[in-house]
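Enquirer: One structure, pasted below without further comment.
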Amino acid sequence: MALLNGLASALESYRGRDRLEEDVFIRWLSVLSNMADQLYYPCEHVAWAADAKVLQVDSARWWTLSTAFWSLSLLLGAVKSLWTMLKLRQKLRSPTGHFASQLPRSKWRAVEARIWSEALTLLSNLADLANAVHWLPPGVLWAGCFPPWLKKTCVCVDHTQAWCLWRLGLLGLELT
């Protein structure tokens, strides 16, 4: 039942909240990312229950599936951030200058802050994606090859991104 609620939530993200987003590509990325997130959680719960001997299933398969959904969500998030960043930069550097010249200084700074926010989100998603791939079964890309210091670095990048976004918010720049 929760899976059906998750699917409904994914479809609602296309129809509702993200309808304000003018870019169809971003809307579809949001829907796919939402679906990957919704599929991740039940897989992780089944894997955990199998490890705890609550369910009699192979937990390794469920951990692999949940990590694959996590990786897909991160990849889609990275693509979404990159696309948004490129579109915002394109608007600011428009050859006609209509968008950029009509913006008051505060709005210009808000768009620049949004670009920085997307760049930090992109960096965070890529660091988490590198870490997620590490946890996939051996033989998948670089799975299992990270030394401990590199895994910790990926986590540190993610936490640093959150701090940077918090600091941008403290500077009074609008990120939305």
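Enquirer: Order of 105-113, 120-128, 52-60 by packing, highest average Cβ count within 10 Å first?
Expert: Working: 105-113: 14.0, 120-128: 20.6, 52-60: 11.2.
Packing order, densest peptide first, comes out as 120-128, 105-113, 52-60.
Enquirer: Test of understanding: what is the full-extension gain from residue 45 to residue 59, defined as 0.36 nm times their sequence separation minus their Cα-Cα distance? Could you put the intermediate results ahead of the total?
Expert: On the way: separation 14, 0.36 × 14 = 5.04 nm, distance 0.99 nm.
Stretched out fully, the residue 45 to residue 59 stretch lengthens by 4.0 nm.
Enquirer: Subtract the Cα-Cα distance of residue 167 and residue 151 from 0.36 nm times their separation in residues, and report this length gain in nm to one decimal. Walk me through the intermediate numbers first.
Expert: Working: separation 16, 0.36 × 16 = 5.76 nm, distance 2.48 nm.
Value of the extension gain: 3.3 nm.
Enquirer: Now a separate question. Based on the Cα coordinates of the range 110-166, what is the per residue volume of their convex hull in Å³? The partial results should precede the final answer.
Expert: Details: hull volume 3.5 nm³, N = 57.
Roughly 62 Å³ of hull volume per residue.
Values quoted throughout were computed directly from the atomic coordinates according to the rules given, and no laboratory measurement underlies them. Quick caveat, the model's predicted, so the values are computed rather than measured. As a convention, Cβ positions derive from the backbone with ideal geometry for all residues, glycine included, and neighbour counts pool all protein chains shown.
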